[in-house]
Amino acid sequence: MATSFKKQILVLLTGVAVFNLILLLPPPEGLSETGQRMLAVTLLMAILWIGEGTSLAVTALLPLVLFPLFGILPSKLVALNYSNHLIFLFLGGFMIAMAMEKWNFHKRLALWIISLVGTEPQRIILGFMVATAFLSMWISNTASTMMMLPVAMAVVRQIALDASLNGEKNTVTRETIEKGLGLVLMLGLAYSASIGGVGTLIGTAPNIVFAGLYKNMFPDNPEISFFDWMVLAIPIVMVFIPLVWVYLCRFVSPLPLKNISAGSHEIIQRELEDLGPINRAEKIVAMVFCLTAFLWIFRQPISMGVFTLPGWSGLFEQAKYLHDSTVAMAMGILLCLIPVNGTQGMELNGKREWFILDWQTVQSKTPWGILILFGGGFALASGFGATGLDNWIGSKLTHLAGMPLWMVVLSICLSVTFLTELTSNTATTTMILPILAMAAVAASVHPLLFMIPATLSASFAFMLPVATPPNAIVFGSGWVSIPKMSRAGLFLNLLGASIVTGVVLFLVGRLMA
């Protein structure tokens, strides 16, 4: 604890020193005094975010104080960034996820997927990965991994026990089978949670940061809708998950998994039986979840080539007033208003529940710090534009115009991937996306070609436990060591950067149209 405190103090002092140094130096050529102050604030926040000098949310609140004090923006304009509509898209998504978790529908859904894929050792790994990835599109990566972890560990132990009792062809011990299969399944859980999270705008925080910054910095460009993002990101998930599965089973596993007898079917069935028959609350949550996804996907017109499928928002006089956040909050509020079972209610964990979702649950489980972090990122972007710092940075990056586009995109992917091995992916994207946007403008390319690969790559850090919460969670199982995770993750970091580069170069054109 003392070491952590000393580190925080050192980071704070470093940030303040750099802040004052920038203010005392003469303004760089081409940058106004206000832009110089904005640069000082930006570097201060970057040092505090990357070095974790204080909580991410506290740092994100600094623009509310420093922008007015240094004449960058008035308070009322700064504060607007902390109520950006995309923040409410994330909040609404969290409310839906809370309802799923409250009534255990997410667990039932995961077990259904695993049963459908199969219960042989290699298939059980794929089943867990597919289920975790799908859940991570809609609930937090941390929650999906935590929920799947105990079931996965029980399955590993049962398979190892059955294999030792049945006398496998290979002469490995039960402990060896447990550690070998456990390593692969734990890594599969962590990696699929991170990969699945990129599939939707609400799946992981960097996606929302990107959507908000892009809209703030380029208000004249078409917004990135929920459907637009899925068209780009779902192919990445569908390609990456099978590749990770094959890689883990064939090249990371210390055991020939196909020779191990399965003993997991009984555990999956027992877990489903423990949940009991699907109840009224779960059915309501399932219907609201499906309705929400439908409304998100079909809000805007969808071009089918020869014809265009009209969006439901066109039924309203002011279709442009409606947004994905409108849907998210409407469904979140609806969950708080739907009775569970009329005047009878339902018993849950020794407590009588009357509604599908209650405000106490929302208040206690919402990651308010992340929502504030979004606001701080959006405030930074507004400060960049108001002071001309964005144009000044862009002018310093004109040399990128002479480099091949694929090389620049791949360099962005690799840089962000390895940077987020040691830093928060949300903080990293918040800091780097405005700079990349201006770099793209300076290089005369569309900003999406630089911003999207950085956003996606921020979720693809697979080498270290500190890189993402899913990595840290499975590391705690005892079956994953840092050297093993690093060796497995290094190749996947490189593979992820290559996949993102390829998909971005081929599919981003649709979003630019």
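Only one of the listed residues (SER253, SER192) is over 23 Å from GLY377 (Cβ atoms) and within 17 Å of the chain's Cα centre (by Cα). That residue is SER192.
Among the helices (runs of 4 or more DSSP H) lying completely within region 60-138, list those that include at least 2 residues that are among the β-branched types (Val, Ile, Thr).
Details: elements: 62-69, 75-80, 85-102, 105-117, 121-136.
Here the list reads 85-102, 105-117, 121-136.
Please go through region 315-367 and pick out each residue that is touching a residue at least 12 places away in the same chain (Cβ under 8 Å) and either in a loop (DSSP other than H, G, I, E, B) or at positive phi (or both). If the condition is that a residue be touching a residue at least 12 places away in the same chain (Cβ under 8 Å) and either in a loop (DSSP other than H, G, I, E, B) or at positive phi (or both), then LEU322, HIS323, ILE338, VAL340, TRP354, ILE356, LEU357, ASP358, THR366, PRO367 are the ones that fit.
Scanning region 205-240 for residues that are more than 16 Å from the chain's Cα centre (by Cα) and polar (S, T, N, Q) returns ASN216, ASN221, SER225.
Looking only at residues of region 464-483 that are touching a Ser or Thr at 6+ places or on another chain (Cβ under 9 Å) and either modelled with pLDDT of 90 or more or of a type outside the set (A, V, I, L, M) (or both), we find that the one that is farthest from GLY197 (Cα to Cα) is PHE475. Scanning region 182-232 for residues that are closer than 26 Å to GLY369 by Cα and of a type in the set (Gly, Ala, Ser) yields ALA190, SER192, ALA193, SER194, GLY196, GLY197, GLY199, GLY203, ALA205, ALA211, GLY212, SER225. Applying the selection to region 282-301, what residues are surrounded by fewer than 16 Cβ atoms within 10 Å (Cβ to Cβ) and either touching a residue at least 24 places away in the same chain (Cβ under 8 Å) or of a type in the set (A, V, I, L, M) (or both)? Answer for region 282-301, where residues must be surrounded by fewer than 16 Cβ atoms within 10 Å (Cβ to Cβ) and either touching a residue at least 24 places away in the same chain (Cβ under 8 Å) or of a type in the set (A, V, I, L, M) (or both): MET287, LEU291.
Which of the residues that make up region 271-315 are under 22 Å from PHE227 (Cα atoms) and β-branched (Val, Ile, Thr)? Walk me through it before giving the result.
To start, the set of residues in region 271-315 that are under 22 Å from PHE227 (Cα atoms) comprises 285-315.
VAL285, VAL288, THR292, ILE297, ILE302, VAL306, THR308, listed by residue number.
The numbered conditions (1) among the aliphatic types (A, V, I, L, M); (2) surrounded by 12 or more Cβ atoms within 10 Å (Cβ to Cβ); (3) under 25 Å from PHE94 (Cβ atoms) are all true for ALA319 except (3).
Going by what's in this entry, would SER411 be described as at pLDDT 90 or above, farther than 18 Å from GLY203 by Cα, surrounded by fewer than 19 Cβ atoms within 10 Å (Cβ to Cβ) and of a type outside the set (A, V, I, L, M)? When the stated conditions are applied, SER411 passes them.
Only residues that are outside any helix (DSSP H, G or I) and not small (Gly, Ala, Ser) were counted in region 194-233, giving 12.
For region 79-93, a residue qualifies if it is surrounded by fewer than 23 Cβ atoms within 10 Å (Cβ to Cβ) and either over 13 Å from GLY375 (Cα atoms) or among the aliphatic types (A, V, I, L, M) (or both), and the qualifying residues are ALA79, LEU80, ILE87, LEU91. Can you find even one residue in region 22-38 that is assigned to a helix (DSSP H, G or I), in contact with a Phe, Trp or Tyr (Cβ under 9 Å, 6 or more places away or on another chain) and of a type in the set (A, V, I, L, M)? Looking through region 22-38, at least one residue is assigned to a helix (DSSP H, G or I), in contact with a Phe, Trp or Tyr (Cβ under 9 Å, 6 or more places away or on another chain) and of a type in the set (A, V, I, L, M).
The values are calculated or read from the model by the stated rules, or taken from the named source; none is laboratory data. Since this is a predicted model, take the numbers as computed values, not measurements. Here Cβ is always computed from backbone atoms with ideal geometry, including for glycine, and neighbour counts include all displayed protein chains.
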